[in-house]
Amino acid sequence: ECGNCNTFCPTMGAPYLDKPKIHLGDESWGNSEEGFRILNSGKEIHYKDKENKIYKLSKNGDEESYTYETPDVVAKLSPETLRIESIRFAESQEQSVSFENAAIMHVLLSGIKELPAG
């Protein structure tokens with residue numbers, strides 16, 4: 001995160017700020033303000049935001065659905081379309097919930113072909 005890529009990058013933006021940070025170890029992820037952590041050989045991904053909230057997207061055993069968990073909701077999603085198949089809210093009152101993190105996590109999880117050993 002020295003910023004050199006921002007200075008020398010032929011495209012616009014700051015890649016070190018714009019790209020998702022994927023942590024391969026617990027220590028790195030724990031010390032980071034925000035980022036992604038891939039677990040269970042690519043079957044689960046966690047995201048920690050700047051408010052220290054944890055979001056989880058897990059492939060279910062049959063891999064025919066995802067479970068998406070946030071502090072506000074637990075939902076079962078279709079892995080092909082991310083269509084909500086079932087949903088349970090943490091509070092009984094009506095609320096609005098964003099699934100943007102689920103979409104980002106799905107793209108990252110889908111793009112993983114191999115994980116380094118360790």
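The values are calculated or read from the model by the stated rules, or taken from the named source; none is laboratory data. Nothing here was measured: the structure is a model prediction, and the numbers come from that model. Positions of Cβ are backbone-derived with ideal geometry, glycine not excepted, and every protein chain shown enters the neighbour counts. The accessibility values were calculated without ligands, DNA or RNA, using every heavy atom of the protein model including side chains. Shrake-Rupley method; radii C 1.70, N 1.55, O 1.52, S 1.80 Å.
Numbers for the structure displayed
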read-out	value
Counted charge near Pro79, where neighbours are those whose Cβ lies closer than 14 Å (Asp, Glu -1; Lys, Arg +1)	-2
Accessible area in square angstrom per residue, the chain, 1.4 angstrom probe	69 Å²
Exposed GluC sites (Glu not before Pro) absent: longest stretch of the chain, with sites in DSSP loops and at most 16 other Cβ within 10 Å deemed exposed	2-32
The chain: angle of helix 100-111 to the longest principal axis, Cα-based, in degrees nearest 10	70 degrees
Neighbour count of at most 13 Cβ within 10 Å plus DSSP loop: longest trypsin sites (Lys or Arg not before Pro)-free window in the chain	1-49
Inter-site label distance for Glu34 and Glu100 at 7 Å from Cα along Cβ, in nm	0.9 nm
Other-chain or far-sequence residues with amide H under 5 Å of Ile22's (modelled H)	Phe36
Among the listed pairs Lys21/Lys76; Lys19/Lys59; Lys21/Lys59; Lys21/Lys53, those beyond 19 Å (Cα-Cα)	Lys21/Lys76; Lys19/Lys59; Lys21/Lys59
Percent of Cα-Cα distances greater than 21 Å, calculated over the chain	45 percent
Sequence-separation-based contact order of the chain, relative, with Cα cut under 8 Å and 6+ spacing, percent	14 percent
Percent carbon-and-sulfur accessible area, the chain, ignoring ligands, DNA and RNA, probe 1.4 Å	47 percent
Length gained when the stretch Asp62-Thr7 is fully extended (0.36 nm per residue, less Cα-Cα span)	15.2 nm
